[in-house]
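I have placed the structure first, in the form of structure tokens, so that the comments after it can refer back to it.
The values are calculated or read from the model by the stated rules, or taken from the named source; none is laboratory data. Keep in mind that this is a model prediction, so the values were computed, not measured. A quick note on method: Cβ atoms are made from the backbone with ideal geometry, for glycine too, and the neighbour counts reach across all protein chains shown. Heads up: the accessible areas ignore ligands, DNA and RNA and are worked out on the full protein's heavy atoms, side chains in. Shrake-Rupley method; radii C 1.70, N 1.55, O 1.52, S 1.80 Å.
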Amino acid sequence: MATAADASPKPAAPRLNVPPSMAGGLRLDAAAVGISPSRLHLDAPKTLSPSKTTYSDRFIPCRSSSRLHNFALLQDHHRAGDSAADDAPYSRLLRAEIFGPDSPSPAPSSPNTNLFRFKTDHPSPKSPFAAAVAAAGQHDCTAGSGESSTPRKPPRKVPKTPHKVLDAPSLQDDFYLNLVDWSSQNTLAVGLGNCVYLWSASNCKVTKLCDLGPRDSVCAVHWTREGSYLAIGTSLGDVQIWDSSRCKRIRNMGGHQTRTGVLAWSSRILSSGSRDKNILQHDIRDPSDYISKFSGHRSEVCGLKWSHDDRELASGGNDNQLLVWNQRSQQPVLRLTEHTAAVKAISWSPHQQGLLASGGGTADRCIRFWNTVCNLAWCKNVNELVSTHGYSQNQIMVWKYPSMSKVATLTGHTLRVLYLAMSPDGQTIVTGAGDETLRFWNIFPSMKTQAPVRDIGLWSFSRSHIR
């Protein structure tokens with residue numbers, strides 16, 4: 001029977017905490033290396049209980065990729081005296097078991113007090129990109145950056161405020177009318193109530209062109225391309241041609257049953273759109289009121305624009321349709337029905353033949369403009385277009401084509417910006433709204449310099465009246 005003394009636990013001999021697979025290889029003859037047995041206690045591996053797991057200090061998957069030489073971990077810190085000589089065989093054996101038998105012997109060095117001192121990592125010569133990486137690391141990242149890459153062009157600055165405002169009393173807040181147009185001779189025509197006024201941009205002179213009387217009112221104005229004659233559409237359905245230099249009416253043409261809200265000149269033909277759903281073609285050289293009729297819309301025609309080569313006529317209506325016509329057919333050659341609101345804003349690109357931009361009303365979301373699009377106009381100096389909008393911001397927006405990135409957003413009107421016209425030099429636009437104001441904006445560069453437009457003092461910022 002065992003005694004109590006036999007049952008008492010004996011103190012465990014000190015041992016090195018190494019994985020079991022390595023413990024068997026760490027057998028050392030103390031007498032052979034001159035180390036006293038009291039200094040080294042390495043026991044043979046014991047059979048572990050299945051229910052108990054012994055873990056080593058740490059696990060390093062691959063020492064060859066650890067780059068320990070970068071941190072001077074392979075350097076041995078020799079101690080002075082006999083203790084250093086006594087520990088040398090043990091250190092060699094321990095290094096061989098931990099780092100492998102082919103580990104290099106450390107070179108003699110002074111004691112390293114900064115253990116994790118980072119050293120330069122030289123690329124392996126096996127890599128084909130070693131030379132390029134080393135050369136790239138020697139260059140200053142900031143030096144020559146402007147020469148190696150193309151500098152980004154700064155965005156063009158657009159003035160955010162109008163440089164001139166004109167009061168326009170009785171300017172109607174009606175989406176389907178077109179009451180402002182700017183001629184190639186730098187004269188602005190505006191329909192106010194039953195009268196038409198001309199404003200000269202060169203001398204700011206205002207001239208009353210005509211008065212239609214108490215029973216009629218102005219619904220549309222549009223200049224010829226030469227800027228000498230003005231076409232006027234009336235609420236009674238007539239189309240009148242006026243000589244602006246003499247303030248004299250030279251022609252009155254009927255044909256529509258109700259108001260004529262939109263007009264468009266080609267080089268020889270005047271097209272008119274009406275609430276009666278028809279488009280009439282007028283030739284002032286022909287004595288008849290009109291020479292042909294286009295019938296394709298199911299509601300009021302509110303947008304008309306001839307292409308620059310006079311081959312096609314685009315029309316938009318309150319039936320949410322955009323139609324394209326030519327002079328040789330009485331039926332549209334193209335019918336676009338993707339709009340979900342009235343199509344008033346129509347403009348042909350002067351930079352790319354056959355490119356047509358259109359925008360719809362409040363409920364339309366088809367051409368990147370996510371609120372009411374009232375007007376569209378291409379700039380002839382740069383490949384950009386301007387759009388005017390309604391509720392709720394009543395803004396004017398400038399877009400770059402073909403990326404359709406926004407160049408500028410202009411605000412100032414308090415009601416829908418229903419009217420838009422461009423100056424003959426292509427630098428200035430005028431916008432009109434139901435707030436009874438006309439606002440002039442310098443937003444496009446000149447064709448020659450391509451530089452930002454600056455106010456040279458020709459027009460001071462002032463508020464005056466159109467009549």
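For the range 188-219, give me each residue that is in contact with a Gly (Cβ under 8 Å, 6 or more places away or on another chain) and of a type in the set (Lys, Arg).
None - no residue of the range 188-219 is in contact with a Gly (Cβ under 8 Å, 6 or more places away or on another chain) and of a type in the set (Lys, Arg), so the list stays empty.
Looking only at the range 295-318, filter to residues that are out of contact with any Lys or Arg (no Cβ under 9 Å at 6 or more places or on another chain) and open to solvent by less than 30 Å² (accessible area, probe 1.4 Å); which one of those is nearest to Lys277 (Cα to Cα)?
Leu304
Of everything in the range 184-240, what is surrounded by 15 or more Cβ atoms within 10 Å (Cβ to Cβ), more than 25 Å from Ile291 (Cβ to Cβ) and among the hydroxyl-bearing types (Ser, Thr, Tyr)? Give them in sequence order.
Within the range 184-240, Thr187, Tyr197, Ser217 meet the criteria.
Would you check which residues across the range 387-413 are in a loop (DSSP other than H, G, I, E, B), surrounded by fewer than 17 Cβ atoms within 10 Å (Cβ to Cβ) and not polar (S, T, N, Q) and list them?
Those that are in a loop (DSSP other than H, G, I, E, B), surrounded by fewer than 17 Cβ atoms within 10 Å (Cβ to Cβ) and not polar (S, T, N, Q): Tyr391, Pro402, Met404.
Please go through the range 243-252 and give me each residue that is open to solvent by 30 Å² or more (accessible area, probe 1.4 Å), in contact with a strand residue (DSSP E or B) (Cβ under 6 Å, 6 or more places away or on another chain) and assigned to a strand (DSSP E or B), ordered by number.
Matches in the range 243-252: Arg249, Ile250, Arg251, Asn252.
Filter the range 275-313 for residues that are over 37 Å from the mean Cα position of the chain (by Cα) and of a type in the set (S, T, N, Q) and give the result.
Asn278, Gln281, Ser288, Ser292, Ser295
If you take the residues of the range 253-269 that are of a type in the set (S, T, N, Q) and touching a residue at least 40 places away in the same chain (Cβ under 8 Å), which of them is surrounded by the most Cβ atoms within 10 Å (Cβ to Cβ)? Can you show your working first?
First, pick out the residues of the range 253-269 that are of a type in the set (S, T, N, Q): 257-258, 260, 266-267.
Now restrict to residues that are touching a residue at least 40 places away in the same chain (Cβ under 8 Å): 260, 266-267.
Numbers: Thr260: 30, Ser266: 19, Ser267: 10.
If we take residues in the range 253-269 being of a type in the set (S, T, N, Q) and touching a residue at least 40 places away in the same chain (Cβ under 8 Å), then Thr260 is surrounded by the most Cβ atoms within 10 Å (Cβ to Cβ).
May I ask you to say which residue of Ser347, Ser272 is in contact (Cβ under 8 Å) with a residue 24 or more places away in the chain, within 24 Å of Val218 (Cα to Cα), more than 32 Å from the chain's Cα centre (by Cα) and open to solvent by less than 30 Å² (accessible area, probe 1.4 Å)?
Answer to the check: Ser272.
Is at least one residue of the range 319-336 under 22 Å from the mean Cα position of the chain (by Cα) and surrounded by fewer than 18 Cβ atoms within 10 Å (Cβ to Cβ)?
no
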